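Encoded as structure tokens, the structure appears first; notes follow it.
The values are calculated or read from the model by the stated rules, or taken from the named source; none is laboratory data. Treat the numbers as computed from the prediction; the structure is a model and nothing was measured. Here the Cβ is made from the backbone with ideal geometry for all residues, glycine too, and neighbour counts use every protein chain on show. Only protein heavy atoms, including side chains, enter the accessible area calculation; ligands, DNA and RNA are left aside. Shrake-Rupley method; radii C 1.70, N 1.55, O 1.52, S 1.80 Å.
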Amino acid sequence: MAELLTDDDVRRVLSDLPDWSRDGDAITRTVTCTSFLAGIDLVRRVADAAESADHHPDIDIRWTAITFRLSTHSAGGITGKDVTLARTIDSLIS
């Protein structure tokens, strides 16, 4: 099982992930896409990466606003798996 990050670890990580914020036992990022279909395409690309990593985000789709929520449910909070996937999502958004 993945090891939980400490509060200090999470603060440090978020300083390197400026588009992400902490929400309880998760980190989140909302992206506004240019169209609904562009958002769905982003979700598909994130889904492919998540499947490869065997670590799956919660995804909320609201027209062109896509929110990614990362938490390692089996560990009960934020782990290195979430940080790695957040960086992957950032690279897919760029």
### Summary
Picked from segment 43-73 (must be part of a loop (DSSP other than H, G, I, E, B) and not aromatic (F, W, Y)), the residue nearest to I27 (Cα to Cα) is S71
### Every residue from segment 43-54 that is surrounded by fewer than 13 Cβ atoms within 10 Å (Cβ to Cβ) and either basic (K, R) or touching a residue at least 60 places away in the same chain (Cβ under 8 Å) (or both)
R44
### Message
Here is a check on your reading of the model: is A65 of a type in the set (A, V, I, L, M), in contact with a His (Cβ under 9 Å, 6 or more places away or on another chain) and under 19 Å from C33 (Cβ atoms)?
### Response
no
### Task
Could you tell me whether any residue of segment 84-92 is touching a helix residue (DSSP H, G or I) at 6+ places or on another chain (Cβ under 7 Å), crowded, with 19+ Cβ neighbours inside 10 Å and assigned to a helix (DSSP H, G or I)?
yes
### Query
Any idea which of I27, I40 is surrounded by 15 or more Cβ atoms within 10 Å (Cβ to Cβ) and either without any contact (Cβ under 8 Å) to a residue 60 or more places away in the chain or part of a loop (DSSP other than H, G, I, E, B) (or both)?
I27
### Task
Those residues that are part of a helix (DSSP H, G or I) and open to solvent by less than 70 Å² (accessible area, probe 1.4 Å), I need them from segment 7-24; list them, please.
D9, V10, V13, L14
